[in-house]
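*Asks:* Dumping the structure here so I can ask a few things about it.
The values are calculated or read from the model by the stated rules, or taken from the named source; none is laboratory data. Model, not experiment: these values are computed from the prediction. Note: ideal-geometry Cβ built from the backbone for every residue, glycine included; neighbour counts use all protein chains shown.
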Amino acid sequence: MTDLLIPLASPNPATWARFWRKVVKAESGCWLWTGRIQEGYGYFALNYKRVRAHRWLWLQVKGPIPEGMQLDHLCRNRGCVNPDHLEVVTPAENVRRGSQALATHCQRGHEFTPENTYYRPASNREGKRTCKTCRRATMARFKARRKAMA
């Protein structure tokens, strides 16, 4: 996968390798971040600071993001780090695009189908939807930790 991109600057080879170990190519064309995810975005530790993974890769292969601009995920998947799925836009355009398109996949790349979508009760985060595949995995990890502590 690293052969697909030529960095503008030469990142530390160890950092570059560490980054790519956390990326999985999906059939959709998305490059899914498998490391830390927060609010849908992948995060990467660099010099003891957290940086958004998609922004770090963009800076490595495309260059700086102009002041006052943002990267928009054209695929609507915040966990995607594929630079071909990103576009530099104004904050207003990013919000406009985001409100028009409801995400079709969860942050881990699973499609939101009727069979794979769970709608949380209104009392719990205002009825937002969750991927059932991810929910089952989270519950399995929770039960395993609880069992190990017993």
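*Asks:* Would you be able to say whether some residue in segment 106-128 is more than 19 Å from the chain's Cα centre (by Cα) and of a type in the set (Phe, Trp, Tyr)?
*Replies:* Yes: one or more hits.
*Asks:* Hey, could you check segment 4-43 for residues that are assigned to a strand (DSSP E or B) and of a type in the set (A, V, I, L, M, F, W, C) and say which is modelled with the lowest pLDDT? Break it down stepwise before answering.
*Replies:* Step one: filter segment 4-43 for residues assigned to a strand (DSSP E or B), giving 23-25, 31-33, 37-38, 41-43.
Then keep just the ones that are of a type in the set (A, V, I, L, M, F, W, C); that gives 23-24, 31-33, 37.
Numbers: Val23: 96, Val24: 95, Trp31: 96, Leu32: 95, Trp33: 95, Ile37: 91.
Looking at the filtered set, the residue picked out is Ile37.
*Asks:* Taking into account only those residues within segment 73-115 that are part of a strand (DSSP E or B) and within 17 Å of Ile37 (Cα to Cα), which is modelled with the lowest pLDDT? If you could, list the steps in order and put the result at the bottom.
*Replies:* Within segment 73-115, the first condition is being part of a strand (DSSP E or B), and the residues that meet it are 73, 80, 86-89, 105, 111.
Of the ones still in play, those that are also within 17 Å of Ile37 (Cα to Cα) are 73, 80, 105.
Details: His73: 92, Cys80: 95, His105: 81.
Among those that are part of a strand (DSSP E or B) and within 17 Å of Ile37 (Cα to Cα), it is His105.
*Asks:* Within the set of pairs 6 or more residues apart or between chains, which connect a residue that is assigned by TED's automatic domain parsing to the domain that holds Val81 and on the phi < 0 side of the Ramachandran plot inside segment 24-48 to a residue that is surrounded by fewer than 16 Cβ atoms within 10 Å (Cβ to Cβ) and assigned to a strand (DSSP E or B) with Cβ atoms less than 6 Å apart?
*Replies:* Trp31/Lys25; Leu32/Val24; Thr34/Val24; Tyr43/Arg50; Phe44/Val51
*Asks:* Take the residues in segment 127-144 that are in a helix (DSSP H, G or I) and touching a residue at least 12 places away in the same chain (Cβ under 8 Å), then tell me which one is nearest to Asn116 (Cα to Cα). So that I can check it myself, show each step before the final result.
*Replies:* Quick first cut of segment 127-144, residues in a helix (DSSP H, G or I) only: 132-144.
Then keep just the ones that are touching a residue at least 12 places away in the same chain (Cβ under 8 Å); that gives 132-135.
Numbers: Lys132: 5, Thr133: 7, Cys134: 9, Arg135: 10 Å.
Result: Lys132.
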